[in-house]
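Structure, as structure tokens:
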Amino acid sequence: MKALLICEYREGKLLDSTYELLAFADRLGADKAMVLIGSEAAAPRFDGKVYLADAGKYGEYNPDLHKQIVLEAVARENPDYIVFVHSSYGWDLAPRVAAALRAGQVSEIVGIVDGKFEVTCCNAKMRRSVVPKTARAVLTIQAGAFSFAGEPHGTPQLEQLSLAEAASGVEFVGYEAAEKKDVDLAKAEVIVSAGRGVGKKDNVAVIAALAKALGGELGASRPVVDAGWVEHSHQVGTTGQSVSPKLYVACGISGAIQHLAGMKKSDFVVAINKDKDAPIGEVADVLVVADVMQFVPALTAKCAR
Ligand SMILES: Cc1cc2nc3c(=O)[nH]c(=O)nc-3n(C[C@H](O)[C@H](O)[C@H](O)COP(=O)(O)OP(=O)(O)OC[C@H]3O[C@@H](n4cnc5c(N)ncnc54)[C@H](O)[C@@H]3O)c2cc1C
């Protein structure tokens with residue numbers, strides 16, 4: 001079984017999420033080759049073949065040309081799976097490649113069980129097992145679901161890829177910075193986050209008070225943001241911010257994969273949850289089994305002393 005892994009590259013740099021593709025392929029037990037549309041200086045640390053196409057020539061993103069480059073690598077490598085990270089790059093390019101190959105696509109894979117791909121459903125409350133029906137398939141993996149253990153190492157065997165004809169109706173112009181947020185969670189050393197378990201909008205103030213007492217920022221899970229209790233700029237997770245504070249306190253948060261993907265680089269995690277079996281317990285250094293509305297005010301009072 002062979003997997004062709006499509007690297008993530010942005011503004012002259014290889015993104016760390018590229019190594020999650022390697023972790024995924026290892027879990028699958030697949031042979032690996034990679035495609036980088038970037039620069040030689042950004043080549044992944046990997047002992048294997050990397051097809052390199054010049055981003056200077058083809059743009060950091062160009063749906064027509066990047067699709068053709070991936071298809072050229074597919075023709076040379078004949079992989080069973082073509083794998084992308086489920087990022088803005090992957091979710092745009094993967095279906096274009098799948099359609100061109102008339103291959104099945106499985107999106108947002110979070111696990112592999114007995115050779116079947118697991119994807120979330122019902123707002124990530126449940127998982128279903130999926131098997132592609134086509135001999136070759138395009139896959140996207142959920143960011144953060146497959147961690148690369150240790151430091152990447154290796155020397156890639158680079159093979160240049162270029163297109164005989166590089167005509168496209170689209171031109172890569174550049175990136176536009178997102179509007180400045182009222183809070184930059186990425187730089188915070190302490191984050192105290194409110195989850196659905198806080199119960200109602202008024203209770204968010206209790207979580208914000210603990211954040212203040214600890215000299216930190218308020219974070220939130222997505223349902224809290226969707227309910228309009230907290231601004232989106234505070235959301236942690238795949239569709240929010242990725243954070244790496246020294247201390248992360250998760251209050252009434254279950255620990256869905258999309259939330260964990262955004263906070264699992266925290267140095268120390270304290271979770272407060274009334275369910276002792278909540279999945280957040282798997283990543284927490286300390287799990288306090290308690291009602292958040294009883295425990296947090298008591299902790300805030302202690303911290304304020
Ligand atoms: C494409 C996609 C992207 C997503 N992106 C994100 C994202 O960026 N960030 C994100 O957070 N989610 C994201 N989600 C949603 C995610 O799948 C989960 O639904 C969400 O993280 C759950 O939030 P929660 O833990 O606050 O709520 P729940 O899963 O409902 O968990 C609530 C927790 O609170 C506990 N609890 C209840 N009452 C109390 C109490 N009184 N005291 C203590 N504990 C209590 C419960 O035991 C439970 O563990 C995304 C989903 C999808 C499909």
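The values are calculated or read from the model by the stated rules, or taken from the named source; none is laboratory data. It should be emphasised that the depicted structure is a prediction, and the values quoted were computed from it without experimental measurement. We place every Cβ from the backbone using ideal geometry, glycine too, and count neighbours over all the protein chains shown. Please note that ligands, DNA and RNA were not included when accessible areas were found on the heavy atoms of the full protein model with its side chains. Shrake-Rupley method; radii C 1.70, N 1.55, O 1.52, S 1.80 Å.
Listing for the model above:
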item	result
The range 267-292, residues that are touching an Asp or Glu at 6+ places or on another chain (Cβ under 8 Å) and aliphatic (A, V, I, L, M)	Val269, Val270, Val289
Odd one out for Gly144, checked against (1) at positive phi; (2) more than 16 Å from the ligand (Cβ to nearest atom); (3) surrounded by 12 or more Cβ atoms within 10 Å (Cβ to Cβ)	(2)
Given (1) at pLDDT 95 or above; (2) open to solvent by less than 30 Å² (accessible area, probe 1.4 Å), number of the condition Arg96 does not satisfy	(2)
Search result, residues across the range 236-293 that are away from the ligand (no atom under 11 Å from the Cβ) and under 14 Å from Val198 (Cβ atoms)	Val249
Residue tally, condition open to solvent by 10 Å² or more (accessible area, probe 1.4 Å) and among the aliphatic types (A, V, I, L, M), over the range 1-21	3
Pairs where the first residue, in the range 164-178, is not assigned by TED's automatic domain parsing to the domain that holds Leu93 and the second is of a type outside the set (D, E, K, R), C-beta under 6 Å, 6+ apart	Ala166/Leu65; Ser168/Asn62; Ser168/Leu65; Val170/Asn62; Phe172/Gly59; Phe172/Tyr61; Phe172/Asn62
The range 255-286, residues that are open to solvent by 60 Å² or more (accessible area, probe 1.4 Å) and either in contact with a helix residue (DSSP H, G or I) (Cβ under 6 Å, 6 or more places away or on another chain) or free of Cβ contacts under 8 Å to residues at least 12 places away in the same chain (or both)	Asp277
Filtered residues of the range 95-138 (kept if under 15 Å from Ile82 (Cα atoms), free of Cβ contacts under 8 Å to residues at least 60 places away in the same chain and in a strand (DSSP E or B))	Gly104, Gln105, Val106, Ser107, Glu108, Phe117, Ala137, Val138
